[in-house]
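Note sheet for the following structure.
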Amino acid sequence: MNKKDTVAASEARSMDDLKDNPLFNPKPIKRNKIVEGIVLSINDNEILVDLGTKAEGVILGKELRAEKDFLSQLKKGDSILASVAQVENDHGQVVLSLRRAGIERRWRKLEQAFEEKTPVKVKVIDFNRGGLLVDGGIRGFIPISQLSQNIFPSTGSKEEVEDSLEKLKGKEIEAYVLEANRKANKLILSARPLDQISFSHDQKAEVLSKVKSDDVIPGTVTRIVPFGILVDIGGIDGLVHISEVSWDRLKKPEDLYSVGEKVKVLVLEKNEDEGKILLSLKRLQDDPWTKLEGKYSEGQEVEGEVTKLTTFGAFVRVGEGIDGLVHSSRLLDLNLELKVGDKGLFKITTLNVALKRMGLEPIVDKS
């Protein structure tokens, strides 16, 4: 290559470099567009920002007062996101707004926290039966399954659980971002220790793709909550609803299982879009109702003990895992009041093994 060709090649490379430079080929500035720049200077009246264009950006007046907390940590040379409020003012500057870019800044911060697996501080603003509603600049949700033992107890009555959650309102806690989906405006977090968290959506999707209904799979109990048991089946927690824990409705989940216990569960249903899976423990146990043939029949007298009172009647235990119902209307007819723990003789008035229902009537001694 001769000297002339070398010079031409060098000039071509220089032109390519210039084309990649935003000062040579700046992106058009439009009103309401989110732009990123470098802080050139900060004073009490304005902040100047290098936008990589011929015109510099400026942040003025109310913006400085409204974003006081954010600006207190800002220094020369920092990168900053802002929204274009005015393409050009009387001084030829691009007028910027921090408030309008606030949501974008917050989403980026949360996405960065997710990528780097670093905690963010969130404030608990409310709760429901599924978990905590929190504010981390963006409203988010922490499922009960993602609360650590230090924050939330594993077991307890419904009232005790609600009391524990109520006490968290207004408190600031550290949490890790599990999902930050700005398109769906969805933020899911975890307040469990870092080594107990699975961040990989691919891993969860893989687990869900491998299991199907009626599969029997191994798992580990991770939480026991008022509405059931949460079981880790390999990077994703499935729910065993309280109705699927045991055939014996009298026994509480915490009396039957403990956190850390290895179990086998039956897959009932899965939702890959939502990353949820429903499981059962009781369906892998013997169903006491299948053993009733020849043991009980309508008209038979049986001994029983009142185990539960409801508005529609009294449940009476007549056998292991078998409860019959004395309807409230029959108690009124007999002018009879039953209490939990009462024992006596009852007549089976109806029996439907398929529906697992047994109707009873107290045998009243009229002598």
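Quick notes on this structure:
- Taking the C-alpha atoms only, the angle from helix 3-20 to the longest principal axis of the chain is near 50 degrees.
- When every Cα-Cα distance of the range 25-100 is counted in 5 angstrom steps from zero, the calculated P(r) takes the values 3, 17, 31, 29, 14, 4, 1 percent.
- Net length available on complete extension from Ile242 to Leu74 is 55.4 nm, with 0.36 nm assigned per residue and the Cα-Cα distance removed.
- Additional length obtainable on full extension of the chain from Lys183 to Asp333, 0.36 nm per residue less Cα span: 47.9 nm
- Mean residue ellipticity at 222 nm, helices only, the chain: -5500 deg cm²/dmol; runs of at least 4 DSSP H residues each add -39,500 (n - 2.57), and the sum is divided by the number of residues.
- Fully extending the segment from Thr307 to Asn43, taken as 0.36 nm per residue of separation minus the present Cα-Cα distance, adds 87.6 nm.
- As a calculated quantity, the FRET efficiency between Glu172 and Asp215 at R0 = 41 Å, using C-beta atoms, amounts to about 0.50.
- Of Lys109/Lys212; Lys30/Lys123; Lys270/Lys291; Lys117/Lys204; Lys68/Lys121; Lys169/Lys308, those spanning more than 26 Å from alpha-carbon to alpha-carbon: Lys109/Lys212; Lys30/Lys123; Lys270/Lys291; Lys169/Lys308
- Our coupling estimate for the range 253-267, obtained by passing each phi through the Karplus curve with A = 6.51, B = -1.76, C = 1.60 and θ = phi - 60°, is x, 5, 7, 9, 9, 9, 4, x, 6, 7, 9, 10, 10, 9, 7 Hz, Gly and Pro reported as x.
- Under 9 Å, Cβ to Cβ, from Tyr176 - net charge with Lys/Arg +1 and Asp/Glu -1: +1
- Principal-axis tilt of helix 201-210 within the chain, Cα atoms, nearest 10 degrees: 40 degrees
- Normalising by residue count, the range 104-196 has a Cα convex hull of 85 Å³ per residue.
- Percent of Cα-Cα distances greater than 18 Å, calculated over the range 23-152: 61 percent
- Sequence ranges 125-134, 181-190, ranked by mean other-Cβ count within 10 angstrom, highest first: 125-134, 181-190
- Relative counts (whole %) of C-alpha pair distances in the range 207-284, using bins that are 10 Å wide: 21, 58, 20, 1
- Per the Debye calculation on the chain with a single equal scatterer at every Cα and no solvent contribution, log₁₀ I(q)/I(0) for q = 0.08, 0.14, 0.15 Å⁻¹ amounts to -0.65, -1.16, -1.23.
Each reported figure results from applying straightforward, stated rules to the coordinates on display, with no laboratory input. Treat the numbers as computed from the prediction; the structure is a model and nothing was measured. No Cβ is skipped: glycine too gets one built from the backbone with ideal geometry, and neighbour counts run over all protein chains shown.
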